[in-house]
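Structure first, commentary second.
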Amino acid sequence: MTTRWRSLPEMLPPNYPGLVSGQNADEIAAALLNVLAVKSGELARGHFTANFTIERHLARLAEALHGGE
């Protein structure tokens with residue numbers, strides 16, 4: 001579970017149930033229950049490994065550096 005702070009939401013799959021806006025205890029409690037009820041860990045891991053590996057990062061970096069040629 002995490003907050004909608006800076007780029008953290010980008011690292012999670014769309015509609016991730018553990019994403020909360022801030023310091024609202026009711027919202028945090030509801031999100032915790034949703035995370036426990038859904039296999040959100042597997043969903044988040046799949047999204048992360050598909051989009052944020054070192055290989056993917058280096059490929060995107062190389063593309064950005066060589067894209068202007």
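Where a number appears in this text, it was derived from the coordinates with a stated rule and is not lab data. In this text the structure is predicted, and so the values were computed from the model without any measurement. Cβ placement follows ideal geometry from the backbone for every residue including glycine, while neighbour counts extend to all protein chains displayed.
Mean residue ellipticity, 222 nm, helices only, the chain: the sum of -39500 (n - 2.57) across DSSP H runs of n ≥ 4, divided by residue count and rounded to 500, is -17500 deg cm²/dmol.
The modelled label-to-label distance for the pair Arg6/Ala50, using points 7 Å beyond Cα in the direction of Cβ, is 2.6 nm.
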